[in-house]
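All remarks here apply to the structure that follows.
The values are calculated or read from the model by the stated rules, or taken from the named source; none is laboratory data. Small disclaimer: the values here were computed from a predicted structure and weren't measured. Positions of Cβ are backbone-derived with ideal geometry, glycine not excepted, and every protein chain shown enters the neighbour counts. When the accessible area is computed, the model is the full protein with side chains, heavy atoms only, and any ligands, DNA or RNA have been set aside. Shrake-Rupley method; radii C 1.70, N 1.55, O 1.52, S 1.80 Å.
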Amino acid sequence: MHVLIVDDEKNIRESLGKYLSLENIESSGAGDGSEAFALLENNRFDAVILDLKLPGMSGQEILEWMNSRGILTPVIMISAHGEIPDAVNALKAGAKDYLTKPFNPDELIIKLKGLVENKRREDLIEAGKRTSAKENGMIGESAAMKIISAQIDKIADTDVTVLITGESGTGKEVAAQEIHKRGQRSAEPFVAVNIGGIHDSLMESELFGHEKGAFTGAHARKIGLFELAGRGTLFLDEIGEMPMPLQVKLLRVLQERKIRRLGGTSDIPINARIISATNKDIESIVKAGSFREDLYYRLNVFRINLPPLRERRDDILLMGKFLLDKAAARMAKVPHFFSAAAEEKLLAYSYPGNIRELENILERALIYCEGNEIKAEDIDLHRSSAVQSDGKHDTKMSGSLESIEKKAIQSALERCDGNRTKAAEELGVSRKTIINKIKFYGL
Ligand SMILES: Nc1ncnc2c1ncn2[C@@H]1O[C@H](COP(=O)(O)OP(=O)(O)OP(=O)(O)O)[C@@H](O)[C@H]1O
Ligand SMILES: [Mg+2]
């Protein structure tokens, strides 16, 4: 342990230093603010013992300076009798503790050791949060997910254009974010746009921006998403929904690496990395002629295909526990656990809505569940299985289930202001499914 003692009285610094050394605590001394600054800038201390009253700059001001520099070393403030209100202010300014002169050096040592131990624990928690935040991005220990993680590592630092495919809810957006996070662009923006969620007539201005007066209603200049993404990543989700005329424009932008705002007269270079995703079988829509082949080749330079959850069963429980913890935290609940029967039930299910469906199932289980063990009966698979991911209607479904489903879709649509994509997300089904269901129920 290395401690900085800031006190204008040399003999206090020295006697305190000697006392600390008996406890194997190393120390350095500073007589005023400027000496303290120089030492703090160039050394890593475990704690600072800071006299409140100093010539020139006060202990309080030194503390504020430390805060402004982001120096998080814990501080024990030393005050004389009669300075208690000041000491309280020092605590408010971030000092961890204070002692009143004259103090018992043993008390100081106990406080120091406590502080250092606390700091170590806080650092550990912070580090834990950082790593789990990093890993949280993409959970998965199955062989399939390991391959995907390795693929992401391989291309993260490159500019190569990536196409991510996979069923709805398999984590395509998570994978796109992961590519961004692991690459050199991680400090730059990650801009995601759901092509299926934008009205055709607005899409061009959404993507490329427009100048004031470019069309009726263009009251001000608008910066498009390509520009907003800057040197970061632009994620074009549900690319298969892009209307033909825009496909032509997008292709040209990708070839020329520049855009022109609607109504604009000059070209603007683009630097963003492009990642796109679709849950459609893109090759067959290319064959069917509703997606341009040349654009497909531009986008599909590197391909990541996310397998459905039922093909990576090894991930179900790991992912389940992670999602359960996440949901519990969101609902301010204590951590929960699965009973053995609950685990079996989760493992046996097919998850047409993939990870998003698992997430919804667990969220509901958490609401039903009493105590902190999720039991098999808390896991209700019917509500999600009533809506199949391929949009086919289960003919065996009972009338009452149908009406529940219809109601669920209706209320999701209401909550999402009629936005089908959002409603589909909320229900854990694909957009296609919800559109089919809306037709089916005549909503
Ligand atoms: N590997 C993963 N680790 C942790 N959470 C994940 C993972 N994959 C997906 N999820 C979670 O599952 C949900 C669905 O993921 P995401 O939105 O990325 O899927 P998607 O493939 O883009 O789905 P869609 O095609 O419906 O848009 C999200 O809530 C996401 O946080
Ligand atoms: Mg998505």
Cα-based convex hull volume of the chain per residue, rounded to whole Å³: 233 Å³
Using a basic spin-label model with each label point 7 Å from the Cα along Cα→Cβ, how many nm lie between E377 and A38? 7.5 nm
Straight-distance crosslink candidates among lysines, where the alpha carbon sits under 29 Å from K212 and sequence neighbours closer than 8 are dropped: K222, K249, K258
Go ahead and set up a Gaussian network model of the chain, Cα springs under 10 Å, then flag whichever of S68, S168, S266 fluctuates most. S68
Out of the DSSP beta bridges found with both residues in the chain, what percent are antiparallel (nearest 5)? 10 percent
Skipping prolines and chain starts, which residues have an amide H placed within reach, meaning under 5 Å, of the one on D97, given they are 5 or more residues away or on another chain? V75, M77
Across P102, P335, P308, the residue with the highest GNM fluctuation in the chain (Cα network, 10 Å cutoff) is P102
Starting from the Cα-Cα distance between K406 and R313, subtract it from 0.36 nm times their residue separation and give me the gain in nm to one decimal. 30.4 nm
Given the rule -39500 (n - 2.57) for each run of at least 4 DSSP H residues, summed and divided by the residues of the chain, what is its mean residue ellipticity at 222 nm, to the nearest 500 deg cm²/dmol? -15000 deg cm²/dmol
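Suppose we take every Cα in the range 272-384 and form the convex hull; what volume per residue is that in Å³?
About 142 Å³ per residue, rounded to a whole number.
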F338's amide H: which non-local residues (gap 5+, or another chain) put their own amide H closer than 5 Å, with H modeled 1.01 Å from N in plane and none for Pro or chain starts? I374
Under the rule of at least 5 residues apart or a separate chain, name every residue whose amide H is placed under 5 Å from the amide H of N305. T165
Partners for K113 among aspartates and glutamates (Cα-Cα distance below 18 Å; same-chain residues under 8 apart left out): E23, E26, D46, D97, E122, D123
If unit charges are put on Cβ atoms (+1 for Lys and Arg, -1 for Asp and Glu) and the dipole of the chain is taken about its Cα centre, the option from A340, I71, S205 lying farthest towards the positive end turns out to be S205
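Output the pairs from K146/K326; K181/K407; K146/K375; K119/K146; K181/K437; K10/K96 with a Cα-Cα distance over 28 Å in this structure; if there are none, say none. Write out the running numbers ahead of the final one.
Values: K146/K326 22 Å; K181/K407 39 Å; K146/K375 30 Å; K119/K146 35 Å; K181/K437 36 Å; K10/K96 24 Å.
Over 28 Å Cα-Cα: K181/K407; K146/K375; K119/K146; K181/K437.
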GNM on the chain, Cα springs under 10 Å; top mean-square fluctuation among A95, A175, A424 goes to A95
Can you sort S201, S27 by 1.4 Å-probe accessible area, starting with the largest? S201, S27
Placing +1 at every Lys and Arg Cβ and -1 at every Asp and Glu Cβ, with all other atoms neutral, what dipole size does the chain have around its Cα centre, in debye to the nearest 20? 1700 debye
